[in-house]
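Right, one structure below, let's go through it.
Every read-out reported here was derived from the displayed coordinates using simple, explicitly stated rules and does not represent laboratory data. Model, not experiment: these values are computed from the prediction. Every residue, glycine among them, receives a Cβ derived from its backbone with ideal geometry; neighbour counts consider all protein chains shown.
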Amino acid sequence: MTARYEHPYPSAELAAEHPFVEYSPGRLDPAEMQRRADAFHERMEARRSIRLFDDAPVDRSLIERAVAAASTAPSGAHKQPWTFVATSAPEVKRAIREAAEEEERVNYLDNRMNEEWQEALAPLGTDHHKEFLEIAPWIVVLFEQRYEVRSDGERRKNYYVKESCGIAAGIFITALHQMGLATLPHTPSPMAFLARVLGRPENERPFVMFPVGHPLPGVRVPDIARKPLDQVLVEVTSLP
Ligand code: IYR
């Protein structure tokens, strides 16, 4: 294979403005690749979303580390269009719980979720009570930045915001699991109240909320299985 190391930029000026650096993560031998892949998969198989948290405190530095890891996510035009808003303040968590339960009460009790949706949720045993929002030591809300506001006040478009935030959310969840913490991707819908309660600017919209903490010892989770590989992976070997 012929490698191209030249800049793909159309002009020398652009190339000088946006220098490239070498990326050499190193190659592993195939056996080591498989070993790491299996170890990672096994670790991820053990992850579960939980709804019962221990109220034991979690050090802020662990939340910072998880957000730092999440913020390595690839993003459209490298805009990193996310803000992670974290709180451990009881009064803020209480306000979030109250507003979330109000929305969920309408979802569950006034049938804002249609029958098909309620049927899909039945195995999870969820309802409109969201105590975990006060019990978990941290709530982290991932806001998507619909556009960027520069320091001079000028607006710039962000690209593939939902895709970028979805990937960042996945890395955040993985980072928490890796350090022995648990979470629940929670989307009380509609979520607009979070922007108000957390005092966020106009360009930010709540994307997903994460109560974070240690699982309550002995917590039970739904006995669900993950789809086997042949249901989620399709290899195409010729044109249709
Ligand atoms: N937001 C509601 C309902 C809910 C929706 C889905 I999709 C879930 O996987 C779980 C719950 C709630 O949080 O109860």
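Given their separation in residues at 0.36 nm each and the Cα-Cα distance between them, Ala77 and Tyr147 gain 23.9 nm when the chain is fully extended. Across the stretch 110-182, Cα-Cα distances exceeding 14 Å account for 77% of all pairs. Ranking Gln80, Pro90, Leu181 by how far each Cα lies toward the positive end of the dipole of the stretch 49-212 (charges on Cβ) leaves Gln80 at the top.
The tail of the calculated P(r) for the stretch 22-100, taken as Cα-Cα distances beyond 16 Å, holds 76 percent of the pairs.
Comparing Arg51, Arg35, Arg112 in a Gaussian network model of the chain where C-alpha atoms under 10 Å apart are linked, the largest mean-square fluctuation is found at Arg35. Considering helices alone, the calculated mean residue ellipticity of the chain at 222 nm is -11000 deg cm²/dmol, with DSSP H runs of length four and up weighted by -39500 (n - 2.57) and normalised per residue. Counting only Cβ charges, +1 for Lys and Arg and -1 for Asp and Glu, the dipole size of the stretch 111-212 around its Cα centre is about 420 debye.
Placing dummy labels 7 Å off each Cα toward the beta-carbon, the span from Asp127 to Glu154 is 5.5 nm.
In this structure the amide hydrogen of Trp82, modeled in the peptide plane, comes within under 5 Å of the amide hydrogens of Gln145, none closer than 5 places in sequence on its chain. For the stretch 206-216, the Karplus equation 6.51 cos²θ - 1.76 cosθ + 1.60, evaluated at θ = phi - 60°, returns couplings of x, 10, 7, 10, 10, x, 10, x, 7, x, 4 Hz by residue, with Gly and Pro reported as x. Quick one: grab the alpha carbon gyration tensor of the stretch 126-240, order the square roots of its eigenvalues as a ≥ b ≥ c, and give me rounded if a/c is under 1.5, else prolate or oblate depending on whether a/b is larger than b/c. In terms of gyration-tensor shape, oblate. Suppose we look only past 20 Å in the calculated P(r) of the stretch 174-240. What percent of the Cα-Cα pairs does that tail hold? Percentage above 20 Å: 59. A crude spin-label estimate for the pair Ser49 and Phe20, with each label 7 Å from Cα along the Cβ direction, gives 4.0 nm.
If R0 is taken as 22 Å, the Cβ-Cβ distance between Met33 and Glu235 corresponds to a FRET efficiency of 0.75. Across the options Ser151, Pro57, Met113, the greatest Cα extent toward the positive end of the charge dipole of the chain (unit charges at beta carbon of Lys, Arg, Asp, Glu) belongs to Ser151.
With springs only between Cα atoms under 10 Å apart, run a GNM on the chain and tell me which of Ile63, Ile139, Ile167 wobbles the most. It is Ile167. Using a Gaussian network for the chain with springs between C-alpha atoms less than 10 Å apart, which of these wobbles most: Pro211, Pro90, Pro25? Sorting by GNM fluctuation, first place goes to Pro25.
For the chain, the alpha carbon positions stretch 62, 52, 44 Å along the principal axes, listed from largest to smallest.
A Cβ-based charge dipole, computed about the Cα centre of the chain with Lys and Arg at +1 and Asp and Glu at -1, lands at about 260 debye.
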